[in-house]
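The values are calculated or read from the model by the stated rules, or taken from the named source; none is laboratory data. What you see is a predicted model, and the numbers here were worked out from it, not measured in a lab. Here the Cβ is made from the backbone with ideal geometry for all residues, glycine too, and neighbour counts use every protein chain on show.
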Amino acid sequence: MANRSAATRATLVQTLIIWLVSNLGGTFFLALLFGLDHPTDVAIALIGGMLAALLSLFLIPLWVPFFALINCVECRRTQFLAMLLGSVTFYFIANLLLLYLLPLGTLDGVMEMTFPYLLSAFIAITYMYRTVLPLPVGPPNVDLFKLDRSNWPKY
């Protein structure tokens, strides 16, 4: 029972980290894009980012089972690809909901405003599900680029 509790806690922490990083990064990118054209529009991006963070906070309980299911898979690459696919799917569903629940114009306009959040979610997922390459094994004085039969390491 303790193992299940630890797994649920780790899944919840992982979900909250990705939520936090994607909202902070998306708000930063959106403020940067708004600030390049008109520096006074940065406040609009910050208020929009706070609103997006509050609205997406209510959707975290929908993500936790998805994260728990993905974490049962052993292969990190499969987890990474499933998380990217889930993020893109969630992105399109959230944009459609924003379009139909709040009359914000066209789908292109909504996607243009929310694309920085997808980009920062990709960065967070790439960081969390990165694969660590193993270090080369051998004596420290062996040049691995000039390795032939004469200077193979003796074990």
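With the requirement that a residue be more than 15 Å from the chain's Cα centre (by Cα) and outside any loop (DSSP other than H, G, I, E, B), what does segment 58-77 give you?
Once the filter is applied, which keeps residues that are more than 15 Å from the chain's Cα centre (by Cα) and outside any loop (DSSP other than H, G, I, E, B), segment 58-77 yields Pro61, Leu62, Pro65, Ala68, Leu69.
Just one of (1) loosely packed, with under 12 Cβ neighbours inside 10 Å; (2) touching a residue at least 24 places away in the same chain (Cβ under 8 Å); (3) among the aliphatic types (A, V, I, L, M) trips up Ala68, so point out which.
It is condition (1) that Ala68 fails.
What number of residues within segment 16-57 satisfy the criterion of being under 12 Å from the mean Cα position of the chain (by Cα) and either modelled with pLDDT under 85 or under 18 Å from Leu118 (Cβ atoms) (or both)?
Total meeting the criteria: 10.
Quick one: would you say Ala94 is more than 23 Å from Tyr129 (Cβ to Cβ), of a type in the set (Gly, Ala, Ser), at pLDDT 80 or above and surrounded by 17 or more Cβ atoms within 10 Å (Cβ to Cβ)?
On the way: more than 23 Å from Tyr129 (Cβ to Cβ): no; of a type in the set (Gly, Ala, Ser): yes; at pLDDT 80 or above: yes; surrounded by 17 or more Cβ atoms within 10 Å (Cβ to Cβ): yes.
Spelling it out, it is not the case that Ala94 is more than 23 Å from Tyr129 (Cβ to Cβ), of a type in the set (Gly, Ala, Ser), at pLDDT 80 or above and surrounded by 17 or more Cβ atoms within 10 Å (Cβ to Cβ).
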